[in-house]
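To start, the structure under review is shown below, and the notes come after it.
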Amino acid sequence: MKKIQIFVVLALMCLNYVNAQNNAFDIIFTQNSRQDARCTYFNNYFKQKPKEVGFSIQRENDKLYFVVTDKNWAIQLFKKSGDGIAIDVVSKKRYDCNNIIDKAQIRGTLLKPVYAKQLVRGFKPTIGNRFRTFVGTVPTDLKEDELEFNILFLNNKVLCRYQRIYNLESYPWDLLDMGIYLDSLVYKTKKITNTEDKFATKYKKLKFIIPFQKNKSEYLPEDIKPVYDSLRLTDFNIKKINIKAYSSIEGSLERNLELQKQRGNSIIKSLQSFQKPDIETEISTSENWVEFLNDISKTNYKNLKKLSKKEIKQKVVGTVSNDLEIYLKNHRKAVITLDLEKKDKYKDISISLLISTFNTLIAEDNIDEALVVQNSFFEKLKKESSPNRLKELTVPKQLKFVPVLNKNSIIKYDMNLSYAKIVFDELKMLEILDPNNKKVKYNLVVTKFIIWRNNWENINEKNFKKQITDLKKYGVEKHLIDRMLVNFHIVKAEKNMRAREYDAKDESVEFIIDTYENFNLSNYDYLSLAQFLTYYSDLDEATFLLDDKVTSITVDEDLLFYYLNLTITNNYNVASDNYRTMMLNAINLNKTRFCKLFNSSLNDGVTFQLLEDEYLRKTYCENCIKE
């Protein structure tokens, strides 16, 4: 009997979907909702919506829910009995490359509207401090399709807003890496490159560009000499080589890719001769469309930019190729990034022998060499993922040993943030021994951030901020203090957001926007800040932050794709030549990742409804669909 009841319910639902396509239920469509007096309240209400309020459609099995961050905002939206929501269920099949896309207002299957009384009564708390209410069920014939769910907002049954939902990565915070003081300032993430700050860290990056001649995979000796010279002068080993090999765009794609790979391998073979340890290598290859499209803007061939890649290749032959050789010769090159790791003379000694050697050096007051042994010990300790063996290091609690004791404490934090409170208490004891020690003072603030962020104890915000700014008295550089102050406001903004103190949160975000340019940011930092600004709905600032970072062929892949994620829904952006060049760069960097942008917003894409745009659809069909 139970199975029959379920069948009947499904049958009735299916009947409703059919009716929806014939008479659109009782929805009243309007030519221009922005000017329709019946939509005045809704239009004004959405204009006044706090940017912190967000909403979306959540699919759970086959049930659909309207999810909102602020329940009271939603309740005030649906005031009249005819106010409500209808869901337009859109299938990706609509955008098949062989289809002709109609311009209908409803893009898929319209579900029966749900009105104010049912919506308001249905709101229940859900994860992430949000509320949700049931708005429909996925039609039986669409359950296996890749789907998205657009929202029709109805004011007294009049369609006043058609809302497409798209996915945009954003995070409440990702603190800028402040580093920790060991012998010198060392950053926790290897993604930081800080040679401009002149900090001697364990990890270092070098970047070089090596040109190649046409149809050649060998480089000229003088072109690779700067790489050789740098390696001869350094006490670092090459840990990893990343080579991005580029060919000019003329010629067959298969030949170009083969040539690029040969170029990358010839460089790796040469660099491997510098050391015995095997070098981890990574080679990526692509045609240099970015610089080609940028350079032809200055020539009589600028109209080529409007063509597809296949059409351009057909044009750039013979005389055209010769005319453009002045530019093409600069497009054949390899961009080499070397990840270097400081050489370790104690690398082959066991951890037990390192401990006894260290203790002997401490007993002999040979602190300088003990610090060197300590670094090697730390590297082996990290592989064990436990700081327990630190207890075997015998170091008297005396002023002269504070540099060693500081490192023994802060390394626990470096291995696992959960030790922050223990490390903080240990550093407070060292501060008593050496009240003016810059490294101890700095590390105290770093660990205090974790305690404050996780509410492990009450922290007075005013006093903490003063503690950060007072670091200047102990010789900490201004740009490092500014970095900490940005982190202070990242945490403060999150706390104010949770308390729905939006004005106070905005003040912290404004401070971050005004301050981040005061210090060097890594690519990782730029990405973190952009995601942070997006989380607080400052999309324009997030875009502006990345504008100057995404135009180079050597752009960081994560930055470029996040920028596309931020901007690709804007038709004005997509129509510009520069933006199209940027998209070709993304395709060359990672075609799979580019194509994934056009997945459903519920399947890690931005939205497949980007394919409503003719140019985007043409680009997608050319690059992402196998013939």
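The values are calculated or read from the model by the stated rules, or taken from the named source; none is laboratory data. Here the structure is a predicted model, which means the values were calculated and not measured. As a convention, Cβ positions derive from the backbone with ideal geometry for all residues, glycine included, and neighbour counts pool all protein chains shown.
I'd like the full set of residues that are touching a residue at least 60 places away in the same chain (Cβ under 8 Å) and of a type in the set (A, V, I, L, M), limited to region 555-581. Step through it out loud before you land on a result.
Within region 555-581, the first condition is being touching a residue at least 60 places away in the same chain (Cβ under 8 Å), and the residues that meet it are 562, 565-566, 569, 577, 580-581.
Once the filter is applied, which keeps residues that are touching a residue at least 60 places away in the same chain (Cβ under 8 Å) and of a type in the set (A, V, I, L, M), region 555-581 yields only Leu566.
Out of everything in region 397-424 that is among the charged types (D, E, K, R) and in a helix (DSSP H, G or I), what residue ends up being surrounded by the fewest Cβ atoms within 10 Å (Cβ to Cβ)? Step through it out loud before you land on a result.
Narrowing region 397-424 to residues among the charged types (D, E, K, R): 397, 400, 407, 412, 414, 421.
Filter once more, so that each one left must be in a helix (DSSP H, G or I): 400, 407, 412, 414, 421.
Details: Lys400: 11, Lys407: 25, Lys412: 20, Asp414: 20, Lys421: 16.
It comes out as Lys400.
Checking Gln272 against (1) closer than 30 Å to Lys239 by Cα; (2) out of contact with any Asp or Glu (no Cβ under 8 Å at 6 or more places or on another chain): exactly one of these is not met. Which one?
(2)
Looking at region 524-573, which of the residues that are assigned to a helix (DSSP H, G or I) and of a type in the set (Gly, Ala, Ser) is farthest from the chain's Cα centre (by Cα)? Give the steps one after another, and end with the answer.
Initially, region 524-573 is screened for residues assigned to a helix (DSSP H, G or I), giving 524-535, 539-547, 557-567, 571-573.
Now restrict to residues that are of a type in the set (Gly, Ala, Ser): 528, 530, 542.
Details: Ser528: 6, Ala530: 8, Ala542: 12 Å.
Restricting to residues being assigned to a helix (DSSP H, G or I) and of a type in the set (Gly, Ala, Ser), the top hit is Ala542.
Residue-wise test of (1) modelled with pLDDT of 75 or more; (2) hydrophobic (A, V, I, L, M, F, W, C); (3) part of a helix (DSSP H, G or I).
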position: Leu152; (1), (2), (3): yes, yes, no
position: Leu175; (1), (2), (3): yes, yes, no
position: Asp183; (1), (2), (3): yes, no, no
position: Lys188; (1), (2), (3): no, no, no
position: Tyr228; (1), (2), (3): no, no, yes
position: Arg232; (1), (2), (3): no, no, yes
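Assuming Ser273 fulfils every condition listed in (1) under 19 Å from Asn590 (Cα atoms); (2) of a type outside the set (Asp, Glu); (3) loosely packed, with under 12 Cβ neighbours inside 10 Å apart from one, which condition is it?
(1)
Is region 359-367 home to any residue that is assigned to a helix (DSSP H, G or I), modelled with pLDDT of 90 or more and either among the small types (Gly, Ala, Ser) or in the same structural domain as Gln260 (by TED's automatic domain parsing) (or both)?
The first filter runs over region 359-367 and keeps only residues assigned to a helix (DSSP H, G or I), leaving 359-363, 367.
Imposing the further condition that a residue be modelled with pLDDT of 90 or more reduces the set to 359-363, 367.
Narrowing further to those that are either among the small types (Gly, Ala, Ser) or in the same structural domain as Gln260 (by TED's automatic domain parsing) (or both): 363.
Among the residues of region 359-367, at least one is assigned to a helix (DSSP H, G or I), modelled with pLDDT of 90 or more and either among the small types (Gly, Ala, Ser) or in the same structural domain as Gln260 (by TED's automatic domain parsing) (or both), which makes the answer yes.
On the given criteria, is Leu371 assigned to a helix (DSSP H, G or I), within 36 Å of the chain's Cα centre (by Cα) and aliphatic (A, V, I, L, M)? Before you say what the answer is, go through the steps one by one.
Values: assigned to a helix (DSSP H, G or I): yes; within 36 Å of the chain's Cα centre (by Cα): no; aliphatic (A, V, I, L, M): yes.
Answer is no for this residue.
Taking the condition of being within 18 Å of Ser308 (Cα to Cα) and either without any contact (Cβ under 8 Å) to a residue 12 or more places away in the chain or in contact with a Leu (Cβ under 7 Å, 6 or more places away or on another chain) (or both), how many residues in region 594-619 meet it? Step through it out loud before you land on a result.
Filtering region 594-619 for residues within 18 Å of Ser308 (Cα to Cα) gives 594-595, 611, 613-619.
Adding the requirement that they be either without any contact (Cβ under 8 Å) to a residue 12 or more places away in the chain or in contact with a Leu (Cβ under 7 Å, 6 or more places away or on another chain) (or both) leaves 614, 616-617.
Matching residues across region 594-619 total 3.
Would you please name the residue that is farthest from Phe358 (Cα to Cα), looking only at residues in region 376-390 that are among the polar types (S, T, N, Q) and surrounded by fewer than 19 Cβ atoms within 10 Å (Cβ to Cβ)?
Of region 376-390, the ones among the polar types (S, T, N, Q) are 376, 385-386, 388.
Cutting the leftovers down to surrounded by fewer than 19 Cβ atoms within 10 Å (Cβ to Cβ) gives us 385-386, 388.
Values: Ser385: 20, Ser386: 19, Asn388: 16 Å.
My answer is Ser385.
Being part of a helix (DSSP H, G or I) and touching a residue at least 60 places away in the same chain (Cβ under 8 Å) is the filter; apply it to region 277-292 and report the residue that is surrounded by the fewest Cβ atoms within 10 Å (Cβ to Cβ).
Start the filter on region 277-292 by keeping residues that are part of a helix (DSSP H, G or I), which leaves 289-292.
The next check asks that each one be touching a residue at least 60 places away in the same chain (Cβ under 8 Å); those that pass are 289-291.
Numbers: Trp289: 22, Val290: 23, Glu291: 20.
So, considering only residues that are part of a helix (DSSP H, G or I) and touching a residue at least 60 places away in the same chain (Cβ under 8 Å), the one surrounded by the fewest Cβ atoms within 10 Å (Cβ to Cβ) is Glu291.
So which of Leu405, Leu417 is among the aliphatic types (A, V, I, L, M), modelled with pLDDT of 95 or more and under 20 Å from Val440 (Cβ atoms)?
Numbers: Leu417 fails: modelled with pLDDT of 95 or more.
Within the list Leu405, Leu417, the selection yields Leu405.
Against the definition (assigned to a loop (DSSP other than H, G, I, E, B) and more than 30 Å from Asn406 (Cα to Cα)), how does Asp145 come out, yes or no? Break it down stepwise before answering.
Working: assigned to a loop (DSSP other than H, G, I, E, B): yes; more than 30 Å from Asn406 (Cα to Cα): yes.
Spelling it out, Asp145 is indeed assigned to a loop (DSSP other than H, G, I, E, B) and more than 30 Å from Asn406 (Cα to Cα).
Using the structure shown, decide if Phe561 is crowded, with 21+ Cβ neighbours inside 10 Å, touching a strand residue (DSSP E or B) at 6+ places or on another chain (Cβ under 7 Å) and either more than 24 Å from Val335 (Cβ to Cβ) or not assigned by TED's automatic domain parsing to the domain that holds Leu293 (or both).
Values: crowded, with 21+ Cβ neighbours inside 10 Å: yes; touching a strand residue (DSSP E or B) at 6+ places or on another chain (Cβ under 7 Å): no; either more than 24 Å from Val335 (Cβ to Cβ) or not assigned by TED's automatic domain parsing to the domain that holds Leu293 (or both): yes.
Here the answer is no, as Phe561 does not meet what is asked.
For Val317, all conditions in the list (1) modelled with pLDDT under 80; (2) of a type in the set (A, V, I, L, M); (3) farther than 27 Å from Val550 by Cα hold save one; what is the number of the exception?
Of everything listed in (1) modelled with pLDDT under 80; (2) of a type in the set (A, V, I, L, M); (3) farther than 27 Å from Val550 by Cα, Val317 misses just condition (1).
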